[in-house]
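What follows draws every value from the coordinates through simple rules; no lab data is involved. Worth saying up front: this structure is predicted, and the values here are computed from it rather than measured. So basically every Cβ, Gly included, is an ideal-geometry build from the backbone, and we count neighbours across all protein chains shown.
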Amino acid sequence: MTNIKIRNETSSDYSQKLSILDACFGPSRLNRTVYMYRKSSPIEELSLISCFEEDPSKVIGTINFYRVLIKKIDCLLLGPLAVDKKFQGYGFGKKLIQIGLDKAKLNNETICFVSGEYDYYNEFGFDKLINKGLDISIPGPLSYDGLLICELKYNAASLLEQNSKLLPLIK
Ligand SMILES: CC(C)(COP(=O)(O)OP(=O)(O)OC[C@H]1O[C@@H](n2cnc3c(N)ncnc32)[C@H](O)[C@@H]1OP(=O)(O)O)[C@@H](O)C(=O)NCCC(=O)NCCS
């Protein structure tokens, strides 16, 4: 169960990816607040699939990142992240996050947000906004523990104003 491969998403992954997202979040996921930020395409270089080395065409997990904007600062929003229910708990999710964030740093990205559970995302450097002295407004309710922030560059959160608004960025 440890031969996890992470590769770039391709168009042929689409239907498998959709089935995993439907199974994990249900079709009503499209009504969630985060989908307001997912109206354009996800960032291509950060669209990743996890699979077994031995069977790379079978999609086990999926991660995307979207562009968001705070004032004039271009940031990332992680998600959706989902792993096939049959293979949850084997490391596919963590590897997708780790490699996604490593690639984002290599691409010179500054800040990444996620709407997720603090206990899961904390080990990747995500923190609660309140711990960074930030109050960022979004246009609706969020699931889990609200918005979490990960600085991809040293002290990047200090670039943000204390009270600001997260906007989708269409590129
Ligand atoms: C959340 C999800 C992506 C994790 O992927 P995964 O491959 O199952 O997780 P991993 O095997 O990489 O990590 C497992 C570890 O994370 C922990 N974990 C999993 N979900 C967690 C959660 N919601 N909160 C806290 N810890 C969690 C497990 O306890 C385990 O801990 P350990 O490594 O100390 O044993 C997957 O369970 C999933 O698709 N869930 C449904 C959709 C979802 O919730 N997506 C995330 C929305 S932000």
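Structure notes:
- Only DSSP H runs of four or more residues enter the estimate; each adds -39500 (n - 2.57), and after division by the residues of the chain the mean residue ellipticity at 222 nm equals -5500 deg cm²/dmol.
- Pairs of Cα atoms nearer than 8 Å and 6+ residues apart set the relative contact order; for the chain it is 23 percent.
- The angle separating the long axis of helix 92-106 from the principal Cα axis of greatest extent in the chain is about 50 degrees.
- Backbone N atoms of the stretch 51-83 closer than 15 Å to the 7 Å Cα→Cβ label point of Y35 belong to residues 80-81.
- For the chain, the longest principal axis of the alpha carbon atoms and the long axis of helix 14-25 meet at an angle near 60°.
- Ordered by the count of other Cβ atoms within 10 Å of each Cβ, fewest first, S15, S50 give S15, S50.
- Per-residue Cβ neighbour rank within 10 angstrom, fewest leading, I138, I63, I130: I130, I138, I63
- Working from label points 7 Å from Cα in the Cα-to-Cβ sense, the L129 to K5 distance is 4.0 nm.
- Too-long pairs where the Cα-Cα distance tops 23 Å, listed order kept, from K17/K71; K58/K128; K39/K128; K85/K128; K5/K103; K39/K95: K17/K71; K58/K128; K39/K128; K85/K128; K39/K95
- Distance histogram for the chain (every C-alpha pair counted, 5 angstrom bins, percent rounded to whole numbers): 1, 8, 18, 22, 21, 15, 8, 4, 1, 0
- Residue by residue, the stretch 110-126 carries 3J(HN,Hα) couplings of 9, 9, 10, 10, 8, 9, x, 7, 3, 4, 7, 8, 4, 5, 9, x, 7 Hz when phi is fed to the Karplus relation 6.51 cos²θ - 1.76 cosθ + 1.60 (θ = phi - 60°); x denotes Gly or Pro.
- If R0 is taken as 41 Å, the Cβ-Cβ distance between K165 and E54 corresponds to a FRET efficiency of 0.35.
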